[in-house]
Amino acid sequence: MANNPTHVETIAAIATANGAGGIGVVRVSGPKAAEIAHHILGCCPAPRQASYLAFTQADGSLIDRGIALFFPGPHSYTGEDVLELQAHGGTAVMQLLLARCLACGVRHAEAGEFTKRAYLNDKIDLAQAEAVADLINAATAEAARSAVRSLSGEFSFVIQQLLTQLINLRMYVEACLDFPEEDIDFITQGRVLEKLHTNQATLRNIFKQAKQGALLREGINVVLVGQPNVGKSSLMNALTGEDVAIVTPIAGTTRDTIKAAIQINGVPLHVIDTAGLRETEDTVEQFGIARTWKAVETAQVALILMDATHGVSVTEETILARLPTTLTTIWVHNKIDVSRETARLEIRDQQPHLYLSAKTGDGLGLLKQLLLDEVGYQPSGEGVFMARARHLAALSRVETHLNQAEVLLAQPELVAEELRGAQEALSEITGEFSPDDLLGEIFSKFCIGK
């Protein structure tokens with residue numbers, strides 16, 4: 001895309017968070033950025049040099065004094081001419097400054113439009129653009145580090161490496177199809193199977209790192225289910241370290257879902273305490289029980305709580321029967337401080353049974369580690385990329401195409417088609433092959449001003 005084409009509208013927005021702050025920033029991007037600078041500042045600052053200037057209204061009255069920066073394209077975030085006005089971060093000041101920019105003939109930016117322009121102007125690829133939003137929204141230090149790695153291009157680099165391998169293999173296969181009169185064994189001669197296996201191994205490694213990154217970004221949704229008075233609210237409080245749920249010996253105290261967020265080794269954990277599951281005539285409690293089952297539908301892990309002094313009863317077995325088969329379940333035997341048992345993990349019928357005390361915290365560390373193990377999180381330090389659901393879906397399609405290519409190895413024309421499908425799926429990650437509606441969906445989730 002050519003730099004600063006005349007048909008591109010100039011956009012402006014407040015780039016800092018809502019509310020009062022020490023500093024606020026209004027950002028302008030597009031062919032009129034220098035013109036806007038002259039209107040508001042009386043001059044255009046020297047490129048990439050901070051200038052302390054007065055920000056004025058059309059009649060010359062003062063809005064504020066602050067720092068102005070001008071970045072001529074293509075050497076800017078968006079690849080276009082960019083003007084940044086840094087003023088005092090009061091809400092009224094920011095709105096006045098933005099209104100002044102808009103009055104000079106520019107348009108208010110849409111959500112994510114600055115980053116979208118950076119992508120369209122080849123400053124960053126699509127995976128890096130998404131990493132911008134992921135870095136802003138990172139809930140843990142580990143998630144932030146992974147987002148920075150993706151933003152710096154590490155994720156895109158390994159994707160591009162695999163893409164190059166796929167393209168080279170596809171070119172070889174299609175070249176063989178173009179010269180069918182040549183009497184050669186294209187599979188053996190070109191080591192097609194060997195190269196396929198290399199690509200599959202590379203893909204598995206990328207997939208592994210991307211899945212870890214997806215956990216850091218999305219976290220784990222954990223729902224606590226069980227009969228009344230088995231200690232769900234106590235466990236909720238123990239996990240969060242706060243009294244977020246009311247604990248009483250009265251059955252049915254929790255009548256609605258209660259949500260809290262914590263982190264375990266950098267992985268966000270979204271814990272949902274639910275109403276105790278039992279037969280009841282109480283209308284309000286019935287609503288709470290209905291919400292319990294709704295919460296189960298969105299969870300990845302269900303902790304089935306029971307009183308360790310009673311063990312697994314028909315009620316717990318009934319609860320298990322109603323849970324989705326795709327849901328990871330962990331049996332939690334609570335109140336070992338009463339039953340005088342030790343904290344431990346047992347595997348019965350291939351299902352984990354954990355004994356702990358929410359009251360004393362004994363066994364809580366075992367539960368936290370078990371949660372990470374059950375969702376497959378393995379902290380590996382460097383190399384974990386911030387990944388989204390669409391990235392994992394694209395990598396899954398690549399895996400399917402490569403596996404199918406191996407099955408169809410005796411039919412070169414079909415192998416070529418599978419490799420083409422794998423190439424297109426992989427290209428979607430960095431945006432080399434992306435439908436416009438996908439771009440709209442991605443950038444609409446960004447904040448205004450980024």
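The values are calculated or read from the model by the stated rules, or taken from the named source; none is laboratory data. Not measured: the values here are computed from a predicted model. Counting neighbours? That spans all protein chains shown, and the Cβs are built from the backbone with ideal geometry, glycine included. In case anyone asks, the SASA skips ligands and DNA or RNA and just uses the protein heavy atoms, side chains included. Shrake-Rupley method; radii C 1.70, N 1.55, O 1.52, S 1.80 Å.
When we screen 364, 438 for residues that are closer than 30 Å to residue 147 by Cβ, among the aliphatic types (A, V, I, L, M) and at pLDDT 85 or above, the only hit is 364. Assess whether residue 95 counts as being among the polar types (S, T, N, Q) and under 20 Å from residue 448 (Cα atoms). So residue 95 passes the test. Taken together, 245, 238 contain a single residue that is at pLDDT 85 or above, among the aliphatic types (A, V, I, L, M), surrounded by fewer than 22 Cβ atoms within 10 Å (Cβ to Cβ) and within 20 Å of residue 364 (Cα to Cα), which is 238.
Could you tell me whether residue 30 is at pLDDT below 95 and under 27 Å from residue 118 (Cα atoms)? Against the criterion (at pLDDT below 95 and under 27 Å from residue 118 (Cα atoms)), residue 30 does not qualify. Looking at the range 139-146, is at least one residue open to solvent by 20 Å² or more (accessible area, probe 1.4 Å), in a helix (DSSP H, G or I) and among the charged types (D, E, K, R)? Looking for residues that are open to solvent by 20 Å² or more (accessible area, probe 1.4 Å), in a helix (DSSP H, G or I) and among the charged types (D, E, K, R), one finds at least one in the range 139-146, hence yes.
Per-residue answers, yes or no, for (1) modelled with pLDDT under 90; (2) open to solvent by 10 Å² or more (accessible area, probe 1.4 Å):
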| site | (1), (2) |
| --- | --- |
| 120 | no, yes |
| 123 | no, yes |
| 137 | yes, yes |
| 162 | no, no |
| 170 | yes, yes |
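Only a single item in (1) open to solvent by less than 10 Å² (accessible area, probe 1.4 Å); (2) under 16 Å from residue 299 (Cβ atoms); (3) assigned to a strand (DSSP E or B) is not met by residue 333, and it is number (2). Taken residue by residue, the range 199-221 has no member that is aromatic (Phe, Trp, Tyr), open to solvent by 10 Å² or more (accessible area, probe 1.4 Å), at pLDDT below 80 and in a helix (DSSP H, G or I).
Hey, among the residues in the range 411-432 that are more than 20 Å from residue 125 (Cα to Cα) and without any contact (Cβ under 8 Å) to a residue 24 or more places away in the chain, which one's surrounded by the most Cβ atoms within 10 Å (Cβ to Cβ)?
Applying the filter and picking the extreme gives 418.
Total residues in the range 64-93 satisfying the condition of being aliphatic (A, V, I, L, M), touching a strand residue (DSSP E or B) at 6+ places or on another chain (Cβ under 8 Å) and closer than 13 Å to residue 24 by Cα: the figure is 5. Among residues of the range 349-378 that are without any contact (Cβ under 8 Å) to a residue 24 or more places away in the chain, those with a beta-carbon under 7 Å from a residue that is in a helix (DSSP H, G or I) at least six positions away or on a different chain give the pairs 352/370; 357/336; 357/337; 360/337. Scanning the range 25-47 for residues that are more than 19 Å from residue 449 (Cβ to Cβ) and in contact (Cβ under 8 Å) with a residue 24 or more places away in the chain gives 31, 34, 35, 39, 41, 44, 45, 46, 47. In this structure, residue 354 does not satisfy being under 23 Å from residue 199 (Cα atoms), at pLDDT 90 or above and open to solvent by less than 40 Å² (accessible area, probe 1.4 Å). Could you check, for the range 106-114, whether at least one of its residues is assigned to a helix (DSSP H, G or I), among the small types (Gly, Ala, Ser) and touching a residue at least 40 places away in the same chain (Cβ under 8 Å)? No: the range 106-114 contains no residue that is assigned to a helix (DSSP H, G or I), among the small types (Gly, Ala, Ser) and touching a residue at least 40 places away in the same chain (Cβ under 8 Å).
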